[in-house]
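Trainee: For reference, the structure I am asking about is given below.
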Amino acid sequence: MGRKLDPTRKEKRGPGRKARKQRGAEVELARFLPPEAEAGRKKLSSHARRRAAKRRLGVAGRTAPGGGRRPAVKEQGDPEKEGRPVKTVGQALQRQSGFNDDNAKWLIPAKGKKSLSKKTSVELSSSGEVEEDSWEMEEEEEDGSSEELMDDYGALSSEEEELLPIEKAALKQKADNGDLSEDDSEEDEVAEETSRQKTGQEEKEDADLQLNLEIDEEFKLPTDEQIEKETAEPPDLHVIHQRIKSNMEVLQNFGVKREEGRTRQEYLALLRRDMAAYYSYSDFLLKMLMDIFPLPELINFLEANEVPRPVTIRTNTLKTRRRDLAQALINRGVNLDPLGKWSKTGLVIYDSSVPIGATPEYLAGHYMLQGASSLLPVMALAPQENERILDMCCAPGGKTSYIAQLMKNTGMILANDSNAERLRSVVGNLHRLGVTNAVVSNCDGRQFPKVLGGFDRVLLDAPCSGTGVISKDPAIKTNKDEKDILRCAHLQKELLLSAIDSVNATSETGGYIVYCTCSITVEENEWVVDYALKKRNVRLVATGLDFGKEGFTRFKDRRFHPSLKSTRRFYPHTHNMDGFFIAKLKKFSNAIPKTQKDEEPAAAEATNPSADPETVTEPQAKKKKLEGSKIAQEQKKPQPALKNRHSLQGQRRPLKAVRPSPHKSHAPVPNRKKHRVKQNGQ
Amino acid sequence: RGGGRKTRGHWGNTEDGSDVVFPCSIGENIQLLVDRPDGTYCFRLHRDRVYYVSEKLLKGAASIPRDSLVALGTCFGKFTKTQKFRLSVTALDFLAPYAKYKVWVKPGSEQSFLYGNHVLKSGLGRITENTAQYQGVVVYSMADVPLGFGVAAKSTQDCRKVDPMAIVVFHQADVGEYVRNEDTLT
């Protein structure tokens, strides 16, 4: 709506006009509203204004407002009224007593907060308005005013002071509940805060509602007797949960909330124990998770692992389109939605009246049941038509079929997996989805490139500990320990080196390797990629995924190459998909760099075969299976002299990271620089 | 036979097999399967299974050791111990467009066929004219989605005369097997 043209006030037009902004509604309205009486006073609510008006008018004005408010008074006070500060009541009293001495009769000084709060809760502001800011003094005043009055209905105002029996009962119940909730929160181990102290704190704080009273309590660590008692009894999950929350509160604000004489370690140890008990994790896994996540995020992560991720499907564009499929499924009674902006083929299933794995569309190969995070590595790989692609660990075939559909059944895909039983599902899926350009093989991934090499792109979805998919398999919480993680890391390093060697760096369209795992541990992700960066002529490139957390460039005592920032991590609690790690590498030279020379005597070097593939093939000759790997053989093979070498041969063994780390913290940086310079020369 | 057909088994044997099978359902159209616009395809025998692959794919997979090779392109079927050829449902996508004799099944008995049952007269929607008895057919749903293979139990004329509970199509292979018999597909 335009403003009326006021010819008396013409706006100046010209180059300077735009600099002058419109003055706004207040200016316009000021023409209609009367000016404020006192400029210094803050804006008053309607009730306050009425009161102010009364004050101005004096006693005479009291007659009018008294009657109208009486029916409103009967309304029950609501809980918000209880949080009244004491101070303002005191002020009210003073002001009242100053105002009119007759008030002494009816004006009861504040005995305790409860009685006062009860009194205040009775009186509602007139016309049912609930104003948290309206202080008690209004009510007192109104009481005083109504004392002298008879209302229209002949009832005396003094009766209003007495609560109706039901109002009294309600107030009493409220008070009792308040006490009870305070009692519940006080447990043996948690501190003995008195309710008075708590309400005192409440009063001091803002009028914001503090529903969770436990926040204010002091958290005391349990004594040894309490711990013994607890271990003897079956664990009380509620108690543990409360303790976890309180412990987190303390740790968030440690300087302030800590108990004297207790270290942070003790709090952390208790928290770890409690979380292990509550969420059923092994202590090792929890320790590892605490290193990866900050504390509040850790809780989110643990909670997210208790809940399954949503079911997602991927449209098979070789046979249908996403909207046709969505239409067909909706007609069958499935509730679904597109997966997100980042995917053109994904659909998320909310609920379904028919089994999603058995619809005629599924049988016709129109879609594949696949986790959302499994779409990401193939999107990062970006296979082009008429390329040769290797999928090293392809079972059950979801990613392979996605690659095939992106390539439109051109070129060649070699789908390999070392587990013959799982390969059956690969074959089944590939046939069902109508993939014709795939060759399925059953080799150990480390045999590449001997079996076949010169691929344009390689996808390595390495076998891992599975810490990102705990929601699918809760057994992982307890059955993974350090040995498992290191064994997986070892295997992954070997596979990644083989994958890199299988790629042809001089391919026109390709030369990329995508390494991904469904794990969130640093040992299996960043460490493996960093190892590959040192061992081969590869570099990290952007994955092309614009969401997800960046990978770590440093972790505890390890330092990784700064380009690790281009890798991506996905978590169940932030992205609502399975935990995943994706790294995209580009091979820039087919030559394999020799291992680093350093101050070790030449004899040790001579005995050590320098080219990595040879050392890689040695263990392969002995090893047939990936599972049940014979780590003992692995450990014996590299010469003991290697222990002291900076070279990353030492990393291949599943040693504790602690031992070689003092070396490594210095070694990687100079080594890498050397590596860069001496690509082909050495 | 055209150029470049490579097989490791007896090509003659396979040819006999396909003489039995392919003429049943698609007849002379087999040539269309082999000489495709995007390159020559061929059949390769590997461990008693017949695979349909393009030549490019065959070349690419040549160096994989025999024991490690599991599957190649699309499996069309397998030879049983007595050297009879059994067509597998995985060939459906390729044979369906060339099928000469088709049978359409009503929606109600779609599910029954997908469970492996034969098609009764009551479930028969349409059938191509001039279907002989014991002729190989491709079974479709009313929405023209191929469901599987079968053998006509009655000729078209007989189908009209027979009572609703009689079998008209013997079940041979259906897409439900992807879920039911996942293991046997390899």
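Trainee: Using amide H atoms built 1.01 Å from N in the peptide plane, name the residues 5+ places from residue A:311, or on other chains, whose amide H lies under 5 Å from its own.
Mentor: A:349
Trainee: Test of understanding: ordering A:230, A:303, A:508 by Cβ neighbours within 10 Å, fewest first, what list do you get?
Mentor: The order, fewest Cβ neighbours first, is A:508, A:303, A:230.
Trainee: Starting at the first residue of segment A:541-553, write each ³J(HN,Hα) from the Karplus equation 6.51 cos²θ - 1.76 cosθ + 1.60 with θ = phi - 60°, in whole Hz, x for Gly and Pro.
Mentor: Residue by residue, segment A:541-553 yields 10, 5, 6, x, 9, 8, 10, x, 7, 6, x, 7, 9 Hz.
Trainee: Please arrange B:134, B:140 by how many other C-beta atoms lie within 10 Å of their C-beta, fewest to most.
Mentor: B:134, B:140
Trainee: May I ask you to derive the FRET efficiency for residue A:233 and residue A:106 from their Cβ-Cβ distance with R0 = 56 Å, giving the value to the nearest 0.05?
Mentor: 0.50
Trainee: What does the charge count near residue B:163 come to, summing +1 for each Lys or Arg and -1 for each Asp or Glu among other residues with Cβ under 15 Å from its Cβ?
Mentor: +3
Trainee: Which loop-located chymotrypsin sites (Phe, Trp or Tyr not before Pro) does segment A:305-372 contain, where loop means any DSSP state but H, G, I, E or B and the Cβ has at most 16 other Cβ atoms within 10 Å?
Mentor: Those that pass, being in a loop and sparsely packed, are A:342.
Trainee: Residues of segment A:402-434 with amide nitrogen under 18 Å from the 7 Å Cα-to-Cβ point of residue A:586?
Mentor: none
Trainee: With the crude spin-label approximation of a point 7 Å out along Cα→Cβ, what separation in nm comes out for residue B:144 versus residue A:549?
Mentor: Rounded to a tenth, the inter-label distance reads 5.1 nm.
Trainee: Using the structure shown, list the pairs from A:534/A:586; A:493/A:594; A:450/A:535; A:4/A:43; B:59/B:81; A:493/A:584 with a Cα-Cα distance above 23 Å, or answer none.
Mentor: In this structure, A:4/A:43; B:59/B:81 exceed 23 Å between Cα atoms.
Trainee: Please compute the average number of Cβ atoms from other chains found within 10 Å of each residue's Cβ in peptide A:231-239.
Mentor: Partner-chain Cβ atoms within 10 Å, mean over residues of A:231-239: 0.
Trainee: Taking 0.36 nm per intervening residue step and subtracting the Cα-Cα distance, what contour gain separates residue A:341 from residue A:508 on full extension?
Mentor: 57.1 nm
Trainee: Also, quick follow-up: What is the fewest-to-most order of A:555, A:32, A:580 by other Cβ atoms lying within 10 Å of their Cβ?
Mentor: Ranked by crowding around the Cβ, least crowded first: A:32, A:555, A:580.
Trainee: If you don't mind, another one. I want the local charge near residue A:569. Using Cβ-Cβ distances under 13 Å, sum +1 for each Lys or Arg and -1 for each Asp or Glu among the other residues.
Mentor: -2
Taken together, the values in this text are just the output of simple stated rules run on the coordinates, not laboratory data. The structure displayed is predicted, hence computed values, not measured ones. We place every Cβ from the backbone using ideal geometry, glycine too, and count neighbours over all the protein chains shown.
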